[in-house]
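Here's the structure, in structure tokens; my notes come after.
The values are calculated or read from the model by the stated rules, or taken from the named source; none is laboratory data. Worth saying up front: this structure is predicted, and the values here are computed from it rather than measured. Note that we place each Cβ from the backbone using ideal geometry, even for glycine, and neighbour counts take in every protein chain shown.
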Amino acid sequence: MPAHVHETPGVASHNVPVAKLVPFRPVATRRVLGGWQGQVVIPDDFNELPAEVAAAFAGERT
């Protein structure tokens, strides 16, 4: 294999290297259940759809 096959690709400006391209490796963070407990309030009527909003979704004008 040619030597350039294993080189890390880069970005150059005016023949001067300005960046090196490397594989993205996301950092896996563990999620904590209940992390937002006590910080978010969901109202009792959260799942109730107001009549005017339902009408708008149905294409009706009020």
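Before moving on, here are some points about what is shown:
- Answer from 32, 11 - the residue that is at pLDDT below 90, of a type in the set (Val, Ile, Thr) and in a strand (DSSP E or B): 11
- Taking (1) in a loop (DSSP other than H, G, I, E, B); (2) of a type outside the set (Asp, Glu); (3) surrounded by 10 or more Cβ atoms within 10 Å (Cβ to Cβ) in turn, residue 54 satisfies each apart from (1).
- Within region 28-56, residues that are charged (D, E, K, R) have Cβ atoms under 6 Å from residues that are in a loop (DSSP other than H, G, I, E, B) in these pairs: 52/62, counting only partners at least 6 apart in sequence or on another chain.
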